[in-house]
Amino acid sequence: MAEFHRYQYVLFDMDGLMIDSEKIYTDVTNEILAKYGKEMTWDIKAGCMGKPEKEAAQHLLSFFPDISLRFEDYLSQRNTLQDLAWPTVPLLPGVRKLVLHLRKHNIPIAVATGSRRRNYEMKTGHLGEVFACFEGKVICGDDPRPGMRGKPNPDIFLIAAKETLGRDVGPLQGENEEVTLTEAQKIERSKGLVLEDGLPGIQAGKRAGMSVVWVPDVNLLNVDYSGHEKADQILKSLEEFMPEEWGLPPYDS
């Protein structure tokens, strides 16, 4: 496990970590695929989690080349069904307590989600007590940021740290280029703590030079997928998260 005294800011994924949206994603997708006698298994879903919408959909449909479902039709059907469900999606255990606690103690926090901005608004509009704590410090997968690639690339976490929290984490690294960081920038990256449920998100956080707490769906624990072993800590839910272990103010007794 990582050294815990250094962490000064916290970056949250959203889907499956803060809100129970992954069940909606799964149910809606399998409702569509059932018409073709197909099903999205957790091995397939693991590669979709945390990615921008189009990348996730392309990954999913690549497993079913024999069906006539077009990419555009899948997205249209899925979005219609999901839009009906988003205003009812609940918080996951431990989220409210942790976010309000970090806000109370003025710990810099931000959201870095592969979700589209319109979906972010629909998913969180009824959860204002918690998401208002981020004070608009949110980066979404379709935000107009030149060169921003989806997870497992580190871009979204670096942009969230730099743009919303003002941390000098240095420049992004392009697909085929090397980036030289100062020692101060490397240290600044290492002060960040990423909270994630998805396997691509773990890889993205580590590639950003940050530490990662993995809070997976229990189904992911049985998926043969490299990358999860790089997480600095694995929890069953954010109810198990102990801020003091990471050098953050402890919960009030």
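When the solvent-accessible area of region 10-94 is split by element, carbon and sulfur atoms take up 54 percent of it, the probe being 1.4 Å.
For the residues Glu55, Glu72, a 1.4 Å probe over the protein chains yields an accessible-area ranking, largest first, of Glu72, Glu55.
Accessible area ranking (1.4 Å probe, heavy atoms, ligands and nucleic acids excluded), largest first, for Thr41, Thr113, Thr88: Thr88, Thr41, Thr113. Pairs from the table (Lys38/Lys162; Lys97/Lys191; Lys51/Lys191; Lys23/Lys137; Lys151/Lys236) lying more than 32 angstrom apart at Cα are Lys38/Lys162.
Solvent-accessible surface (1.4 Å probe) assigned to Lys23 amounts to roughly 120 Å². The H on the amide N of Lys151, modeled in the peptide plane, is under 5 Å from the matching H of no residue at least 5 residues off or on a different chain. Sequence-ordered 3J(HN,Hα) estimates for region 17-34 from the Karplus curve with 6.51, -1.76 and 1.60 and θ = phi - 60° stand at 9, 9, 10, 8, 8, 5, 5, 5, 3, 5, 4, 5, 4, 6, 5, 6, 5, 4 Hz, glycine and proline given as x. Its Cα gyration tensor gives the chain an equivalent ellipsoid; the semi-axes, largest first and in whole Å, are 30, 21, 17.
Judged by the ratio a/c of the largest to the smallest principal axis of the C-alpha gyration tensor, region 74-196 counts as oblate, that ratio being 1.5 or greater while a/b is no larger than b/c. The antiparallel fraction among DSSP beta bridges confined to the chain stands at about 5%.
The values are calculated or read from the model by the stated rules, or taken from the named source; none is laboratory data. These numbers were taken from a predicted model, which means no experiment stands behind them. Please note that ligands, DNA and RNA were not included when accessible areas were found on the heavy atoms of the full protein model with its side chains. Shrake-Rupley method; radii C 1.70, N 1.55, O 1.52, S 1.80 Å.
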